[in-house]
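Below is one structure, written out as structure tokens, with a few remarks after it.
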Amino acid sequence: MKIYFALISAAALSLSACGGQQETAAPAAVSEAPVAAASEAPTENTPAEQAAPASAGNAAAPAEAGECETVVNSDDQMKFDKQELEIKKSCKEFKIVLKHTGKMPAAAMGHNLVISKSEDASGVVGDGAGATAANDFVKPGDTRVIAHSKLIGGGEETTFTVDPSKFAEGSQYEFYCTFPGHYGLMHGTVKLI
């Protein structure tokens, strides 16, 4: 019954979104491979990047480029392919690529990825519902939001960065989709390592 209500709510909001906003996000590569296979793909580091030594002047070696990025897939069944994101403290910035492997447009089955403290998630989701698709279902200027992506539809992808220094030791963090009705199925934990 909750899923039925969530889908009806999403449809009603989609119809009231004035036709939706076209994003400039690059479309994802068309692939019929299962989502699990995409998450097991090797990183894009070249052998030269993998073999590059840390500079002698650094006391602690910075994280490798491939260690400071991840890909999260979403679909038309309101699922992320990851339940946990591991963000390295040693990264200057952490890149997240969000891909929508489904076929439905953003107005009907859009997804975003928002990161906040766990204790703030329900408030961010509630305020995001009123922010509309034009604001990616994220309240403008919401200081509880550490980082968020754009809202994307089927076949699209978007990239955004997270500043690991914004995470406090001892706090718990979550990632989730704020499209109305999606939080119940589309959320996971963020772990700082």
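Quick rundown of the values:
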| item | result |
| --- | --- |
| Enumeration of residues in segment 81-110 that are among the small types (Gly, Ala, Ser) and under 13 Å from the mean Cα position of the chain (by Cα) | GLY110 |
| Matching entry among SER116, SER149 (being touching a helix residue (DSSP H, G or I) at 6+ places or on another chain (Cβ under 8 Å) and buried (at least 22 other Cβ atoms within 10 Å of the Cβ)) | SER116 |
| Segment 119-144: number of residues that are at positive phi and either hydrophobic (A, V, I, L, M, F, W, C) or buried (at least 20 other Cβ atoms within 10 Å of the Cβ) (or both) | 2 |
| Subset tally (residues that are over 23 Å from THR132 (Cα atoms) and of a type in the set (Ser, Thr, Tyr)) for segment 71-119 | 1 |
| Candidate set: segment 64-81, residues that are touching a helix residue (DSSP H, G or I) at 6+ places or on another chain (Cβ under 7 Å) and part of a loop (DSSP other than H, G, I, E, B); chosen: the one farthest from VAL190 (Cα to Cα) | ASP76 |
| Hits in segment 85-106 - residues which are part of a strand (DSSP E or B) and either free of Cβ contacts under 8 Å to residues at least 40 places away in the same chain or surrounded by 14 or more Cβ atoms within 10 Å (Cβ to Cβ) (or both) | LEU85, ILE87, PHE94, LYS95, ILE96, VAL97, LEU98, LYS99, HIS100 |
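Quick grid of which residues meet (1) touching a His at 6+ places or on another chain (Cβ under 8 Å); (2) farther than 23 Å from LYS103 by Cβ; (3) of a type in the set (S, T, N, Q):
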| position | (1), (2), (3) |
| --- | --- |
| ASN135 | no, yes, yes |
| THR143 | no, yes, yes |
| PHE167 | no, yes, no |
| GLY184 | no, no, no |
| THR189 | no, yes, yes |
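Since every read-out is calculated from the coordinates, none of them should be taken as a lab result. Remember, it's a predicted structure, so these values are computed and weren't measured experimentally. All Cβ positions, even for glycine, are placed from backbone atoms using ideal geometry, and neighbour counts span all protein chains on display.
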